[in-house]
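Report on one structure; see the data block that follows.
Rule-based calculations on the coordinates, nothing more; no lab input. Everything numeric in this text was worked out from a predicted model, so none of it was measured. Cβ coordinates were reconstructed from backbone atoms using ideal geometry, including for glycine residues, and neighbour counts include every protein chain displayed.
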Amino acid sequence: MRQSYRYTLYMRKRFLILLVALLFTVPALAAEDEILLDTGRITGTANNFSKQVRIFRGIPYAAPPVGDLRWKDPQPVKPWDVTKACVNFGPSCPQPAGLIGGAAGKTSEDCLYLNVFTTAKQGEKQPVMVWIHGGGFAVGSGSMLLYDGSALARKGVVVVTINYRLGPFGFFAHPLLSQESPNHTSGNYGLLDQIAALQWVQRNIKSFGGNPDCVTIFGESAGSASVARLMVCPLAKDLFHRAIAESGGPIGWNRSLRESKGVTESAENMGSRIAKELRCDSLEALRRISAQDILKAAKPIMTHGAGNRFGPVVDGYVLPDNPAKLWADGKQFDVPFITGSNSGDGAIFLPGVPTKTVPEFRAGVHSLFPNIADDLLRLFPAETDDQVHEAALKMVTVVSFAQPARFMVRCMETKKSAAYLYQFSRVPQMLKSQSDTAMHGLELPYVFDHILPIARFREIDAPLALTMSSAWVRFAKTGNPNGDEMPPWPAYHHGDEAYMDFGDEVTPKHGLFREAADLFDKVRDSRE
């Protein structure tokens, strides 16, 4: 409870800071700009704080997945004749209320919309950055204030933020759905939505001054896990040319379509269980049930708690095999790549870890990692009950985030494209009373450059946001994050294990959690 309460306070403060900052970017209804898409004409608005940024909100990229289209692959948008005013965000996808990082505004199954932020004119060829939001595949929205792309757009890229189906609407599998599908699969509708959005970018981004041959996908948490899976998805080939994965990788979140493995229930079995609870024995009945009733029965959760965890499905079609195995086998796309983690990423999982005492902690480590338990307890020692929280935090951070990031950059060593590893470790002074480590998602205001240059942030945080966001933009432009006054960020190589630490200082370092990551590598290899 202590950690959950501290984390909730921290998130509330973080979003309050962002809300104040983004008051400067409230949209104006002036300076409309008409754009021709392959489905019709649209208009947008100018950013109130920076008039050169034009924003187009709520652009439909696929048909509403409602009625008979619920749990089907995304379908083409029906063209329109009258110019559509894209000045308001589209609805967020259905999701549980009250979860941290939840929906922005109203929700609806009619939620397949995206948003474009641009300073470019038609005919220009600015690089494109497509943002995939996080939220445990259960909550979130591309329209959240946290993801306003105006600051990045001012640096010379076209930013696209997207919605995709979540929870039981985006990742629900069922034998009858698989039987209905021409591919004999079900359960990856959210990933297929992301692919449909990238296809939309290929068809339409030129109209916003973007270059369809220079697209970067980037995401955090579940968005980062999505990036890792799109990197090995045959359907996504040639739809993007660089990738950034922030605090999420190909390990975990993988259900088999039909085969239960260990304690992990198969996707079709979970879907059948939920359908039984809904008393639905046909697809017609399942598609008549209200969205709220589906949410109530499905009980989607982000990371822990009583309910069902939804996410990508190893179906042999969208995902041909376990994504971690595909990475290990070198099946990922050969594109420039950045990945990393936050120094306190593991805090998001700690409320679900019941260990509070030293004996509980040691017993838990021996139960989960029997072959390496003694080494782990040496690397993450807890001699008193007060030290258990910190030891568990570091261990969960490594096994769930830092090691998967290192795993990916090591896999990229077989490719021609460079890969870069980072850690984000900065904790703003005003948050140190809640935590002395950079919790999950804390890098986002820095990546999107939403830190105001006021006295409380000017000395470190505003310059760090400028440095980090500029590195992301340079990477989108060239495939290399280096430049300006940032210290050299070496590409990752197995020998020196270089990474960039974005903390109180921006400093290249070596060997992030090397010994612990090596141990967890052995565990992963033994479970393949």
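Within the chain, the longest run free of exposed loop sites, counting chymotrypsin sites (Phe, Trp or Tyr not before Pro) that sit outside DSSP helix and strand states (H, G, I, E, B) and have at most 16 other Cβ atoms within 10 Å, spans 81-528.
Restricting to segment 31-333, compute how many DSSP beta bridges are antiparallel as a %, nearest 5. Mind showing how you got there, number by number?
On the way: 15 of 37 bridges.
Of those bridges, close to 40 percent are antiparallel.
Annotation: amide H of Ala85 within the under-5 Å range of Thr43, sequence separation 5 or more or interchain, hydrogens built in the peptide plane. Across the cross-link table entries Lys206/Lys415; Lys276/Lys296; Lys78/Lys125, which are compared at the Cα atoms, the separations over 19 Å belong to Lys206/Lys415; Lys78/Lys125. Couplings 3J(HN,Hα) of segment 154-161, computed from phi: 5, 8, x, 10, 9, 9, 10, 10 Hz, in residue order, whole Hz [Karplus 6.51 cos²θ - 1.76 cosθ + 1.60, θ = phi - 60°; x for Gly and Pro].
How many percent of Cα pairs in segment 94-217 exceed 23 Å?
On the way: 2897 of 7626 pairs.
Within segment 94-217, distances greater than 23 Å cover 38 percent of Cα pairs.
Across segment 246-258, computed HN-Hα scalar couplings (Karplus, 6.51 cos²θ - 1.76 cosθ + 1.60, θ = phi - 60°) run 9, 6, x, x, x, 8, x, 6, 10, 9, 6, 4, 10 Hz from first to last residue, x flagging Gly and Pro.
Each part reduced to its alpha carbon centroid, segment 156-201 and segment 336-400 end up 34 Å apart.
Relative contact order (percent) for segment 353-425, with alpha-carbon contacts under 8 angstrom and 6 or more residues of separation? Mind showing how you got there, number by number?
Numbers: 40 pairs, mean separation 17.0, N = 73.
Rounded, it is 23 percent for segment 353-425.
Hydrophobic long helices, here whole DSSP H runs in the chain with Kyte-Doolittle means of at least 1.0 and Cα atoms spread over 24 Å or more along the helix axis, are not found.
Per residue, the average separation of C-alpha pairs within less than 8 Å and at least 6 apart gives the chain a relative contact order of 13 percent. Given the choices (1) 48, 34, 19; (2) 33, 30, 22; (3) 70, 30, 21, semi-axes √(5λ) of the Cα gyration tensor in Å derived from the coordinates of this structure is entry (2).
Scaled to the compact-protein estimate 2.2 N^0.38 Å, what is the alpha-carbon radius of gyration of segment 31-333, rounded to two decimal places?
Numbers: Rg = 18.7 Å, N = 303, 2.2 N^0.38 = 19.3 Å.
Against the compact-globule rule of thumb, the ratio is 0.97.
Of the trypsin sites (Lys or Arg not before Pro) found in segment 154-246, those in coil by DSSP whose Cβ has at most 14 other Cβ atoms within 10 Å are Lys237. Placing unit charges on the Cβ atoms of the charged side chains and taking the dipole of the chain about its Cα centre, the candidate lying farthest along the positive direction among Gln403, Asn204, Val447 is Asn204. In this structure the amide hydrogen of Asn308, modeled in the peptide plane, comes within under 5 Å of the amide hydrogens of Ile301, none closer than 5 places in sequence on its chain.
Which whole-number percent is the relative contact order of segment 177-313 (Cα, under 8 Å, 6+ apart)? Spell out each step's value before the answer.
Values: 149 pairs, mean separation 27.6, N = 137.
Taking the mean separation of contacting Cα pairs over the length of segment 177-313, I get 20 percent.
Expressed as a fraction of 2.2 N^0.38 Å, the value expected for a compact globular protein of N residues, the C-alpha radius of gyration of segment 165-302 is 1.18.
Among the listed pairs Lys237/Lys477; Lys106/Lys477; Lys325/Lys432, which have their C-alpha atoms separated by more than 29 angstrom in this model?
Numbers: Lys237/Lys477 20 Å; Lys106/Lys477 35 Å; Lys325/Lys432 39 Å.
Over 29 Å Cα-Cα: Lys106/Lys477; Lys325/Lys432.
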